[in-house]
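Asker: This is the structure, below, for whatever I ask next.
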Amino acid sequence: MIPEPARAAVQDSLAAAIQVAEHAGPQGEQLAELAQNAFLDGLQQASWAVAAILLVGALISAFWPPRRS
């Protein structure tokens, strides 16, 4: 169990989670691994979302050229 002051920091920042993990003793390695996996999962989901948005934008610009005046 993570103490309340450290819990908020761990939930908000990967760097803070790693810092807390360094002082957490034997379970610190597990905490660091969980924090890194959570960060990478979120990063991967965000990357897929950005890729989808860019693809839609590219398709729109390819099939809907600007009007010439």
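Asker: Give the accessible surface of the chain per residue, rounded to a whole number of Å², with probe radius 1.4 Å and ligands, DNA and RNA excluded. Before the final figure, lay out the partial values.
Answerer: Numbers: 6020 Å² over 69 residues.
Per-residue accessible area for the chain comes out at 87 Å².
Asker: Can you tell me, using C-alpha contacts under 8 Å and at least 6 residues apart, the relative contact order of the chain as a whole percent?
Answerer: Numbers: 25 pairs, mean separation 12.2, N = 69.
Rounded, it is 18 percent for the chain.
Asker: On to the next question. Would you work out what percent of the accessible area of the chain, with all protein chains in place, is carbon or sulfur (probe 1.4 Å)? Walk me through the numbers before you get to the answer.
Answerer: Numbers: 3810 of 6020 Å².
Heavy-atom surface of the chain belonging to carbon and sulfur, 1.4 Å probe: 63 percent.
Asker: State the volume of the convex hull built on the alpha-carbon positions of the chain, expressed per residue in Å³ and rounded to an integer. Display every interim value, and only then the final one.
Answerer: Numbers: hull volume 7.2 nm³, N = 69.
In the chain, the Cα convex hull volume per residue is 104 Å³.
Asker: At R0 = 25 Å, how high is the FRET efficiency between GLN30 and ALA9 if r is their beta carbon distance? Nearest 0.05 is fine.
Answerer: FRET efficiency, GLN30 to ALA9: 0.90.
Asker: Go ahead and set up a Gaussian network model of the chain, Cα springs under 10 Å, then flag whichever of ALA52, ALA38, ALA16 fluctuates most.
Answerer: ALA52
The values are calculated or read from the model by the stated rules, or taken from the named source; none is laboratory data. All values reported here derive from a predicted model rather than from experimental measurement. Every residue, glycine among them, receives a Cβ derived from its backbone with ideal geometry; neighbour counts consider all protein chains shown. Areas reflect the complete protein model, heavy atoms only, side chains present, ligands, DNA and RNA absent. Shrake-Rupley method; radii C 1.70, N 1.55, O 1.52, S 1.80 Å.
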